[in-house]
Amino acid sequence: MPARPAKPAPTPHLSAAAAVSWSTVAPWAFVFGVALIVYLPALKAGLIWDDAGHITRADLCGFAGLWRIWFEVGATQQYYPVTHSAFWLEHRLWGGHPAPYHFLNVLLHAAAACLFARLLRRLLSGENDVPRPSAHAAAASEVRPAVAAWSAALLFALHPVMVESVAWISEQKNTLSTVLYLAAAGAYLRFDRDRRPAHYALATGWFVLALLSKTVTATLPAAILVVVWWRRGRLHWRNDLQPLLPWFALAAGAGLLTAWVEHTHIGAQGAAFDLSLSERLLLAGRATWFYLGKLLWPTELVFIYPRWQLDAAAPAQWLFPVAAAALLGGLFALRRRARGPLAAVLFFGGSLFPALGLFNVFPFVYSFVADHFQYLASLGFFAAIAVVATRLLDRPPRTFGLTVAGVALALLALLSHRQARTYRDVFSLYETTLARNPTCWMAHNNLAIALAEENRVAEAVPHLEAALRLRPEYPEALNNLGDDLTRLGRPKEAIPHLEHALALQPDYPEALHNLGLAFLADGRPAEGIAALESALRVRPTYATACLNLGLALAAQGRSAESLAHFEQAVRLAPGLVQARLNLGYALLLANRTAEALPHFAAASELAATDPETHRMLGRALAQSGRLAEAIAAFERALVADPRSVQAHLDLAVVLRQTGRAAEAASHFREAERLKSARGGDR
């Protein structure tokens, strides 16, 4: 009999579970990988405007600070305790280094994109349509849910308008709150399918966390109703509306609290916010079309857009709200044929609603619109575009359509990568802003602050003068200009600007402080001391004012009073090096050397690269007879600055006292050599 043919070896294949697992993980990995590549410039960026105020301050770093974040309104810039708790935890993990904050923000953005895809896929596949999909759901099933969902996620992940939220550390409140918003939406859809109380409780928990991250998430219950109506074509009081009533109550409470905080703590009040109802309607209509336009054509993106002039008497300005109303009316009339377009517009406009001008938010001082205002709202737009594009791509010629889609996504990624580079540092950000919006007085002022912090004070002055030409009644710019002129040795010019700032805003502690310094520099000590005392009356916790008042009093021979102010400055700001040093000096002059030593030691630790702190510690130790420790302190001073003449001399003196004459002579010679090289200067 012929031999039976050997059985072919089994073809290796993945198990079904492994295949499912990989098909689930691969899109997530792709989105995260692409996001990290696109946002590489942001990963290398530093801190920009407001970032220092969001990265946890020294007085909030401990567990007492965490308590204040939750239970003291005003302890942080905005009452978003979940966001600031996240910043608190991040600060404990990696301190103030910006790179990890940027990295985490990119990860949160990518996570939001993936959660968005997961949620949209469930909606497009009709998972929540029970007991069976409606006719509308059957039509929706013509769209390949996975393709449409992940296309929408990529649009969201790669679109340049999202860059402001992702590349700006302060806007972690956007990325974090959107992740929580989508988690709440997903949990609610599970509840909507099976009506299990545990799923409702979980969804409510996610929603509360989202509200406490950023209040724009208050729009979620309305968004859920829009989605339910889109899927089923109707809303039921008991099944659809009643479960969301507690959410609407939570949303209203969070919105009222945020409005109060914006008004009382952040400063969203005054002439800039006195808009009539007509002007607010004009603003809402124009802003809606502005945001839609930037999503459709994302060019000329600016960190601070020009502030529009609203004029209810100008007929052309009414075209924006009228066109918006006409669009809504037309889509409503077509709702029986297709609910999707109306649902997308309702989601987009409803999620934008808190930022459309009907409520005051502080940024309205300088601009009525900002890219980060539409971060959450853009989800509805991207979902609609992805669904339409997927249907078109399923028609021949598919190769051409797929090529166009790929090129479009690549172009968006390239634009986002380029846009992220503008967030490299404050100089790049504000110079780009001024190039595109030359009338931005806020950018001039903020750029001047950054220049002054880099000791480029002379370069800062022209920007402050430009800001004041654009907005003459600008107290912050007047104060900054006065401070910079004093630093440049021009106190007589500084004083009128500071007095003008105080005429506009009498209880302005920084202006009172800077006026005091200007008076002192101008040889008017009595007026300088009075101004510094006024600054402390307005803000008793103003540590820098305490320090400078102590210095002014010391210069007048009022040693006991100056010592008290130095002590108060250290109590208010234990990390303020100059306060520690001056308190140490004052205690040494009072022959209280033992009390001075801990302050010099603390200054030495706080400013390890500053030779002066080590040198003063060494002097105090030498005065106390602790010569070996003094030698170590002077040696640290020389590590920090090997060319410090005074540190060489101080070390030589102590070495000679300990009988190490040869080493002392070496340091004396080095000091003489350095002095000669500098022409006799120390």
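The values are calculated or read from the model by the stated rules, or taken from the named source; none is laboratory data. Worth saying up front: this structure is predicted, and the values here are computed from it rather than measured. Heads up, the Cβs are rebuilt from the backbone with ideal geometry, glycines too, and the neighbour counts pull from every protein chain shown. The accessibility values were calculated without ligands, DNA or RNA, using every heavy atom of the protein model including side chains. Shrake-Rupley method; radii C 1.70, N 1.55, O 1.52, S 1.80 Å.
Yes or no: LEU451 closer than 26 Å to PRO321 by Cβ and of a type outside the set (Phe, Trp, Tyr)?
Numbers: closer than 26 Å to PRO321 by Cβ: no; of a type outside the set (Phe, Trp, Tyr): yes.
Against the criterion (closer than 26 Å to PRO321 by Cβ and of a type outside the set (Phe, Trp, Tyr)), LEU451 does not qualify.
Taking the condition outside any helix (DSSP H, G or I), surrounded by 21 or more Cβ atoms within 10 Å (Cβ to Cβ), at pLDDT 90 or above and out of contact with any Pro (no Cβ under 6 Å at 6 or more places or on another chain), does ALA45 pass? First the steps, then the outcome.
Working: outside any helix (DSSP H, G or I): yes; surrounded by 21 or more Cβ atoms within 10 Å (Cβ to Cβ): yes; at pLDDT 90 or above: yes; out of contact with any Pro (no Cβ under 6 Å at 6 or more places or on another chain): yes.
Yes; evaluated as a whole, the condition is true for this residue.
Quick grid of which residues meet (1) touching a Ser or Thr at 6+ places or on another chain (Cβ under 8 Å); (2) over 23 Å from LEU356 (Cα atoms); (3) open to solvent by 30 Å² or more (accessible area, probe 1.4 Å):
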| residue | (1), (2), (3) |
| --- | --- |
| ILE169 | no, yes, no |
| GLY186 | no, yes, no |
| VAL208 | no, yes, yes |
| LEU211 | yes, no, no |
| THR219 | yes, no, no |
| ARG231 | yes, yes, no |
| PRO243 | no, yes, no |
| ALA251 | yes, no, no |
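The rows are residues; the columns are (1) within 42 Å of the chain's Cα centre (by Cα); (2) buried (at least 19 other Cβ atoms within 10 Å of the Cβ); (3) modelled with pLDDT under 90.
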| residue | (1), (2), (3) |
| --- | --- |
| GLU595 | yes, no, yes |
| LEU606 | yes, no, yes |
| THR609 | yes, no, yes |
| ALA620 | no, yes, yes |
| GLU663 | no, no, yes |
| ASP681 | no, no, yes |
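If we scan the stretch 393-403, do we find a residue that is open to solvent by 50 Å² or more (accessible area, probe 1.4 Å), touching a residue at least 40 places away in the same chain (Cβ under 8 Å) and among the hydrophobic types (A, V, I, L, M, F, W, C)? Walk me through how you get there before you give the answer.
In the first step, residues of the stretch 393-403 are kept if they are open to solvent by 50 Å² or more (accessible area, probe 1.4 Å); the result is 395-400, 402-403.
Still in the list and also touching a residue at least 40 places away in the same chain (Cβ under 8 Å): none.
Checked the stretch 393-403: no residue is open to solvent by 50 Å² or more (accessible area, probe 1.4 Å), touching a residue at least 40 places away in the same chain (Cβ under 8 Å) and among the hydrophobic types (A, V, I, L, M, F, W, C).
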The stretch 441-458: number of residues that are crowded, with 22+ Cβ neighbours inside 10 Å and over 25 Å from GLU300 (Cα atoms): 1
Some residue of the stretch 432-440 being more than 30 Å from LEU155 (Cα to Cα), surrounded by 21 or more Cβ atoms within 10 Å (Cβ to Cβ) and either of a type in the set (A, V, I, L, M) or modelled with pLDDT of 95 or more (or both): yes
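Between TYR101, TYR79, which is hydroxyl-bearing (Ser, Thr, Tyr), open to solvent by 40 Å² or more (accessible area, probe 1.4 Å) and in contact with a helix residue (DSSP H, G or I) (Cβ under 8 Å, 6 or more places away or on another chain)? Give the steps one after another, and end with the answer.
Working: TYR101 fails: open to solvent by 40 Å² or more (accessible area, probe 1.4 Å).
So the residue among TYR101, TYR79 that is hydroxyl-bearing (Ser, Thr, Tyr), open to solvent by 40 Å² or more (accessible area, probe 1.4 Å) and in contact with a helix residue (DSSP H, G or I) (Cβ under 8 Å, 6 or more places away or on another chain) is TYR79.
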Residues within the stretch 53-76 that are touching a residue at least 40 places away in the same chain (Cβ under 8 Å) and either among the hydrophobic types (A, V, I, L, M, F, W, C) or surrounded by 15 or more Cβ atoms within 10 Å (Cβ to Cβ) (or both), tallied: 4
Selection within the stretch 263-292 - farther than 13 Å from PHE364 by Cβ and open to solvent by less than 30 Å² (accessible area, probe 1.4 Å): LEU282, GLY285, TYR291
Test: residue in the stretch 473-488 that is within 13 Å of LEU517 (Cβ to Cβ), of a type outside the set (Gly, Ala, Ser), touching a residue at least 24 places away in the same chain (Cβ under 8 Å) and part of a loop (DSSP other than H, G, I, E, B): yes
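For the structure I just gave you, tell me whether LEU498 is of a type outside the set (Lys, Arg) and either part of a loop (DSSP other than H, G, I, E, B) or in contact with a Gly (Cβ under 8 Å, 6 or more places away or on another chain) (or both).
Details: of a type outside the set (Lys, Arg): yes; either part of a loop (DSSP other than H, G, I, E, B) or in contact with a Gly (Cβ under 8 Å, 6 or more places away or on another chain) (or both): yes.
Taking the combined requirement at face value, the residue satisfies it.
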Inter-residue pairs, beta-carbon under 8 Å, first farther than 14 Å from LEU376 by Cβ and in the stretch 204-230, second part of a helix (DSSP H, G or I) and β-branched (Val, Ile, Thr), 6+ apart: LEU209/VAL82; LEU212/VAL82; LEU212/THR83
Scan of the stretch 345-372 for residues that are within 19 Å of the chain's Cα centre (by Cα) and part of a loop (DSSP other than H, G, I, E, B), ordered by number: VAL361, TYR366, SER367, PHE368, VAL369, ALA370
Odd one out for PHE364, checked against (1) open to solvent by 50 Å² or more (accessible area, probe 1.4 Å); (2) at pLDDT below 95; (3) not β-branched (Val, Ile, Thr): (1)
